[in-house]
Amino acid sequence: MRYVPIYCLRDGMKLGRNIYSSDGVTLLSKDVRLTDEYIKSLEKLGVNGVYIEDTVSHDIAIKSVISDELRVQAVKSIKGIYNDPTNVSNSIATVENLAKSIICEILNNKNIMVNMVDIKTFDDYIYSHSVNVAVLSSVIGMAMHLDSTKIEKLTASALLHDIGKVFMPKDIVNKVEKLTKEEEKLYRSHPEKGYRYIKQHYTVPVTTYVGILQHHERYDGYGYPDGKRGEEISKFGRVLCLCDAYDNLVSERPNKKAYLPSDAIEYIMANNGQIFDPKLVKIFLRRVAPYPLGTILKLSNGERAIVIGNNEECSTRPTVRNLENNTVYDLTYDKKLKNVTIIGVENI
Ligand SMILES: [Fe+2]
């Protein structure tokens with residue numbers, strides 16, 4: 001199986017995974033052959049790519065960090081909460097249970113390197129984004145060796161981090177053009193609005209709502225709402241800022257193309273110590289694969305190869321299989337390949 005961006009999909013390709021709507025409805029099932037019609041509909045929905053099965057990737061099994069069932073259930077529940085945040089007692093129990101289920105599945109999954117790109121539609125963006133930030137935060141929280149209660153609170157905070165957007169006009173949240181100064185000011189109030197709402201209505205630990213308040217603070221002090229810097233920002237705020245940024249970067253938006261995971265990771269490295277906490281960036285690089293399984297790479301020796309393995313010790317040098325002669329190379333440990341570099345990602 002491998003991920004193929006929407007603009008590279010062709011009639012006849014076989015789908016490798018189900019595609020769901022935010023209501024949990026299966027839009028297209030695994031094994032379906034794509035048609036031009038299907039591809040056009042996916043494009044209209046804002047899907048930036050899908051997983052396919054083909055001859056070059058038939059032996060590559062990509063395991064998502066959490067199961068499809070849990071992801072579908074989580075997106076559906078988050079949609080319910082964001083659309084009716086007044087149903088307080090039901091909401092907090094749902095969030096806490098979701099956080100526990102996400103953590104439980106991640107703990108049962110031995111390989112917790114994130115190798116999967118999430119499939120989102122424009123309409124569902126805020127809900128699936130919240131679930132993705134929760135999954136990433138949970139993975140990072142575990143790698144930070146936080147205790148289980150803290151990881152639960154962090155995951156709950158991630159699920160609710162953008163709830164403040166519910167209290168602002170939809171045309172600002174979804175605006176494609178550049179926001180005016182006034183709109184920008186209003187948009188930037190969403191962490192505070194979310195924080196105030198949760199603090200007032202939910203009985204949740206302080207760390208949970210402080211994470212919501214601080215998810216747009218920057219390590220160098222140029223973020224919002226309070227311009228806090230470094231460790232003045234809570235641990236939760238720093239983790240959410242990093243996971244939120246990564247998921248935004250790799251997602252297609254009406255006003256921006258999706259970054260490749262490798263480009264998103266390069267952006268994070270470039271902003272290490274400015275936007276992001278360097279200690280967390282280090283952890284992130286060990287847990288999120290810049291070249292997920294199934295990515296086709298162009299190598300500096302002229303060969304094309306597909307990623308078949310990743311290791312957290314050196315995530316930028318995966319194990320690959322040559323597409324022409326099927327030779328397998330471990331770019332981290334194979335001495336003959338020390339001078340060979342990855343010069344690009346190829347989408348076919
Ligand atoms: Fe936000």
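Among the residues of segment 238-271, those identified as within 16 Å of the ligand (Cβ to nearest atom) and more than 30 Å from Glu43 (Cα to Cα) are Arg238, Val239.
Within segment 165-197, track down each residue that is under 15 Å from Gln214 (Cβ atoms) and either within 13 Å of the ligand (Cβ to nearest atom) or exposed (fewer than 15 other Cβ atoms within 10 Å of the Cβ) (or both). Passing the criteria: Arg188, Ser189, His190, Pro191, Glu192, Lys193, Gly194, Tyr195.
Restricting attention to segment 85-121, the residues that are open to solvent by less than 60 Å² (accessible area, probe 1.4 Å), within 20 Å of Val166 (Cα to Cα) and modelled with pLDDT under 85 total 6. Let me confirm something: among Lys228, Lys235, which residue is away from the ligand (no atom under 14 Å from the Cβ), farther than 14 Å from Pro278 by Cα and in the same structural domain as Gly141 (by TED's automatic domain parsing)? Being away from the ligand (no atom under 14 Å from the Cβ), farther than 14 Å from Pro278 by Cα and in the same structural domain as Gly141 (by TED's automatic domain parsing) holds for just one of Lys228, Lys235, which is Lys228. Residues of segment 231-241 that are among the small types (Gly, Ala, Ser) and open to solvent by 10 Å² or more (accessible area, probe 1.4 Å): Ser234 alone.
Here segment 242-296 is the region considered, the condition is being open to solvent by 30 Å² or more (accessible area, probe 1.4 Å) and touching an Asp or Glu at 6+ places or on another chain (Cβ under 6 Å), and the residue that is farthest from Leu107 (Cα to Cα) is Gln274. Going through segment 37-84 one residue at a time, which ones are in contact with a Lys or Arg (Cβ under 9 Å, 6 or more places away or on another chain) and hydroxyl-bearing (Ser, Thr, Tyr)? Once the filter is applied, which keeps residues that are in contact with a Lys or Arg (Cβ under 9 Å, 6 or more places away or on another chain) and hydroxyl-bearing (Ser, Thr, Tyr), segment 37-84 yields Tyr51, Ser57, Ser64, Tyr82.
A Cβ distance below 9 Å, combined with a sequence gap of six or more or placement on separate chains, defines the contacts here; from segment 68-88, residues that are farther than 28 Å from Tyr51 by Cβ reach residues that are aromatic (Phe, Trp, Tyr) and open to solvent by 30 Å² or more (accessible area, probe 1.4 Å) in the pairs Pro85/Phe167. Please determine, by comparing only the residues of segment 297-318 that are over 19 Å from the mean Cα position of the chain (by Cα) and of a type in the set (Asp, Glu), which one is least open to solvent (accessible area, probe 1.4 Å). Selected residue: Glu303.
Among the residues making up segment 208-220, those that are open to solvent by 20 Å² or more (accessible area, probe 1.4 Å) and either more than 17 Å from Asp162 (Cα to Cα) or outside any helix (DSSP H, G or I) (or both) are His216, Arg218, Tyr219, Asp220. Which one is farthest from the ligand (Cβ to nearest atom) among residues in segment 144-164 that are in contact with a helix residue (DSSP H, G or I) (Cβ under 6 Å, 6 or more places away or on another chain) and of a type in the set (Gly, Ala, Ser)? The extreme case among them is Ala156. Reported count of residues in segment 19-43, each being closer than 19 Å to Arg71 by Cα and surrounded by 17 or more Cβ atoms within 10 Å (Cβ to Cβ), is 4.
The values are calculated or read from the model by the stated rules, or taken from the named source; none is laboratory data. Model, not experiment: these values are computed from the prediction. A quick note on method: Cβ atoms are made from the backbone with ideal geometry, for glycine too, and the neighbour counts reach across all protein chains shown. What goes into the accessible areas is simple: the full protein's heavy atoms, side chains included, and nothing from ligands, DNA or RNA. Shrake-Rupley method; radii C 1.70, N 1.55, O 1.52, S 1.80 Å.
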